[in-house]
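K.L.:
Pasting a structure below so you can have a look.
The values are calculated or read from the model by the stated rules, or taken from the named source; none is laboratory data. From a predicted model like this one, the values you see are computed outputs, not experimental measurements. Cβ placement follows ideal geometry from the backbone for every residue including glycine, while neighbour counts extend to all protein chains displayed. The protein model used for the area step is the full one, side chains on, heavy atoms only, and it has no ligands, DNA or RNA in it. Shrake-Rupley method; radii C 1.70, N 1.55, O 1.52, S 1.80 Å.
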Amino acid sequence: MITLLKDLIRIKSDTLEGANNALLFCENWLEERGITTTILKHEEKLMLVAVIGDGDKCMIWNGHVDVVPGETSQFQPYIEGDYLYGRGTADMKAGVAAMMQAFYELSKQPENLAQKIQLHIVTDEETDGETSKFLVDQGYIGDFVICGEPTHLQIGLQAKGIIQFDVILKGKSSHGSRPWEGINAIEQAFLFDQQLRKLSFLTASNEFYDYPSLNLAKIQAGERYNVVPDECIVSYDLRYVPGQDMHSILLDLQTLTEEFPNSEIQVHTTAPAVTTEAINPYIERIAQVTSQFIGKPAVLFGQHGAADARFYAETGAGAIEFGPSGGDWHGEKEYVSISSTETYKNILVSLGKSEKNIIIS
């Protein structure tokens, strides 16, 4: 499996062409081992689906082979101790390699399967996740979904929702030497930001999160030193806590914007929070099996960011992020733990089997 992972890392998949090439490599690897695959395309982006087992229940394993941009040298994997270094090792080619290997091992003994398992490999999680959404829209859904993002073998059963928006604040131009004759739109933006941070929805919490997060991501305003700017655009990335009502938050944002004359809000992206419950039977099984392999209680936690699990969760399926240990993903020295990747693969194999066939080695 580590050979498979190293081969995947060598594919420079930080472009659409490279990600598609990585996906076709996965197709070939699976087909060589007798596994039938289906390749779909959406706006030149490829995705792969493979299915083993049957029955009414279906578990989906989702992984992506695209990575954030990196230097050529980062696509030459190398090992130091238990760590394998390279772009995409943790995020998330290790998860993909483990899923492929586990899928192959389970395919050799279909009589031991507890349910149907679908393997989904996609090519654009690092940009917009359109391919996972496309699979869901095409009916590739299940009862429970594991996205193999790096989580240190902890179970990320919740994830914050997303609202990304621009606020266009209006002012009145005047000569820069006589600012009192105008209304400075940048100063209006300062006031808007101060009032935004006092809104009550930013105090929400639950057992996994102390509060939502609000990132002032961009400011666009002004063209000349000697002109009072009459427009300022501020852009925010808001991640709200599972359990909050997105529509209520949007109403609060609209109400605040209306307090600033002639200003407007433009919402660019929204995504629901992932709200999988700990009492879900899949969570209980995953926690039990994981605990047996790692020799201590499994940890449940909430992710601050969002992964492709959100698209499946919209269908009502339970969805988690769960993958091996690593570090510095998106960084210069990205790495994954080889031993945790092996353990992760073994956990997946055990999860795929009916309980009477589980053997913990």
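K.L.:
With labels modelled as points extended 7 Å from the Cα through the Cβ direction, what inter-label distance (nm, one decimal) is found for ASN262 paired with ILE294?
P.N.:
That separation, rounded to one decimal, is 5.6 nm.
K.L.:
Out of all DSSP beta bridges with both ends in the chain, state the antiparallel percent to the nearest 5. Walk me through the intermediate numbers first.
P.N.:
Values: 50 of 69 bridges.
Counting only bridges with both partners in the chain, antiparallel ones make up about 70 percent.
K.L.:
Round to the nearest 0.05 the FRET efficiency obtained for GLU43 and GLN76 when R0 = 25 Å and r is the Cβ-Cβ distance.
P.N.:
Values: r = 31 Å, r/R0 = 1.23.
The computed FRET efficiency comes out at 0.20.
K.L.:
Heavy-atom accessible area per residue, the range 1-121, 1.4 Å probe: how many Å²?
P.N.:
Details: 4920 Å² over 121 residues.
Here the per-residue accessible area is 41 Å².
K.L.:
Moving to a separate point now. Defining a contact as two alpha carbons under 8 Å apart and six or more residues distant in sequence, what relative contact order in percent does the chain show?
P.N.:
On the way: 806 pairs, mean separation 86.3, N = 361.
It comes to 24 percent, rounded to a whole number.
K.L.:
Could you size up the charge dipole of the range 1-128 around its Cα centre, putting +1 on the beta carbon of Lys and Arg and -1 on that of Asp and Glu, and report it in debye to the nearest 20?
P.N.:
Values: 11 positive and 21 negative charges, 66 e Å.
Dipole size: approximately 320 debye.
K.L.:
Also, I was wondering about something else. With each label point set 7 Å from Cα along the Cα-Cβ vector, what nm distance links ASP166 and LEU191?
P.N.:
2.3 nm
K.L.:
Tell me which label goes with the value of Rg and Dmax of the Cα atoms in Å computed from the coordinates here: (i) 33.4, 117; (ii) 20.6, 67; (iii) 23.4, 82.
P.N.:
Label (iii) holds the value from this structure.
K.L.:
I'd like the carbon and sulfur percentage of the solvent accessible area for the range 220-361, probe radius 1.4 Å, heavy atoms only, ligands and nucleic acids excluded.
P.N.:
The C+S portion of the solvent-accessible surface of the range 220-361 is 47 percent.
K.L.:
Another question, if that's okay. Mind giving me the FRET efficiency for ASP237 and ARG33? R0 is 51 Å, r the Cβ-Cβ distance, nearest 0.05 is fine. Let's see the in-between values first.
P.N.:
On the way: r = 42 Å, r/R0 = 0.81.
The formula returns an efficiency of 0.75 here.
K.L.:
On to the next question. Rg (Å, one decimal) plus Dmax (Å, integer) for the alpha carbons of the range 1-119?
P.N.:
Computed over the Cα atoms of the range 1-119, radius of gyration and Dmax are 14.9, 46 Å.
K.L.:
Near LYS296, which aspartates and glutamates are there with a Cα under 15 Å away, not counting those fewer than 8 places off in the same chain?
P.N.:
Within the straight-line limit of under 15 Å, LYS296 reaches these aspartates and glutamates: GLU284.
K.L.:
Residues of the range 155-300: accessible area per residue at 1.4 Å, in Å²? Intermediate values should be presented prior to the final figure.
P.N.:
On the way: 8050 Å² over 146 residues.
Normalised by residue count, the accessible surface of the range 155-300 is 55 Å².
K.L.:
A further question follows. Calculate the FRET efficiency for LYS108 and ASN21 from the Cβ-Cβ distance with a Förster distance of 41 Å, rounded to the nearest 0.05.
P.N.:
Working: r = 27 Å, r/R0 = 0.67.
Plugging the Cβ-Cβ distance into 1/(1 + (r/R0)^6) gives 0.90.
K.L.:
Work out the length of the dipole vector of the chain about its Cα centre, built from +1 on the beta-carbon of each Lys and Arg and -1 on the beta-carbon of each Asp and Glu, and round it to the nearest 20 debye. Can you show the working numbers first?
P.N.:
On the way: 28 positive and 50 negative charges, 125 e Å.
Around 600 debye, computed over the chain.
K.L.:
Projecting each Cα onto the charge dipole of the range 58-112 (Lys/Arg +1, Asp/Glu -1 at the beta carbon, about the Cα centre), which of TYR85, GLN74, PHE103 comes out farthest on the positive side?
P.N.:
PHE103
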